[in-house]
Amino acid sequence: LLRSPEAFLQQSALEIGKSSGASSATVIRFVRQVGFASLEEAKVNIARNISAQPEEPLDPVISSGDDLGKVADNLTQLVESSIRLAKYQLDFSALAAALAQLKQAESIYLLGIGTSGVVARDLYAKLSRANVRCLYQSDPHIALANSVYLTERDVVLAISYSGRTREILAIARQGKQK
């Protein structure tokens, strides 16, 4: 789909499944999971997005000869594309449930390492300014040690790009046990 949205528009669920190594039923389930009632509705939405894009797409690679305007255009296009795609990956019912837990939490333990740690630290600053009781520790070993103080009224919010960071998963498991 991402490599060739035009081809996707022309294919049946069976053809899409064959080209992606999945069954047609999996294709239909995927379409429904991302928020469409049918494959046809998804295709209409994709076609609308394709036609809304500029005729000559910007090159996402920044070349050394690009002026600042070109760099700004490329960056804007990449960010807008990422945001548009993220919407279709959200599970809105899970997001609503998570927000409800965060609102009821006595304390929020924020986890993140590396770039995800930057995101966690930024969220910590924003929540603290909003007078929300939260904790963030950049050292995962100290964060794991602090996790023994978690209670059933606390929430652990783990931020991880890959979702497989060992240290983050260990602390999240500790929180889930509480």
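The values are calculated or read from the model by the stated rules, or taken from the named source; none is laboratory data. None of the values given here were measured: they were computed from a predicted structure. Because the Cβ atoms are built from the backbone with ideal geometry, glycine has one as well, and the counts that use them run over all protein chains shown. Areas reflect the complete protein model, heavy atoms only, side chains present, ligands, DNA and RNA absent. Shrake-Rupley method; radii C 1.70, N 1.55, O 1.52, S 1.80 Å.
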Stokes-Einstein diffusion coefficient for the chain at 10 °C in a medium of 1.306 mPa s, Rh from the Kirkwood formula over Cα pairs: what value in µm²/s? 81 µm²/s
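If R0 is 41 Å, what FRET efficiency do you get for Ala22 and Asn146 from their C-beta distance, rounded to 0.05? Please list the in-between numbers first.
Numbers: r = 42 Å, r/R0 = 1.03.
With R0 = 41 Å, the Cβ-Cβ based efficiency is 0.45.
Run the numbers on segment 84-178 and let me know its relative contact order in percent, using alpha-carbon pairs under 8 Å that are six or more apart. Each step should come with its number before you reach the end.
Working: 109 pairs, mean separation 30.2, N = 95.
This gives 32 percent for segment 84-178.
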What residues qualify as long-range amide H neighbours of Cys134, i.e. H under 5 Å apart, gap of 5 or more or another chain, H built at 1.01 Å from N? Ile108
Would segment 88-178 count as rounded, prolate or oblate if I go by the C-alpha gyration tensor, calling it rounded below 1.5 in a/c and otherwise prolate when a/b exceeds b/c, oblate otherwise? rounded
Accessible area of segment 64-105 divided out per residue, in Å², using a probe of 1.4 angstrom: 79 Å²
Over the chain, with every protein chain in place, what whole percent of the accessible area is carbon and sulfur at 1.4 Å, could you tell me? 56 percent
What do you get for the angle between helix 68-89 and the principal long axis of the chain? Use alpha-carbon atoms, 0 to 90 degrees, nearest ten. 80 degrees
How many nm separate the modelled label positions at Thr115 and Ala7, each set 7 Å beyond the Cα in the direction of the Cβ? 2.8 nm
Charge dipole of the chain about the Cα centre (unit charges at C-beta), most positive-ward option of Val34, Leu90, Ile171: Ile171
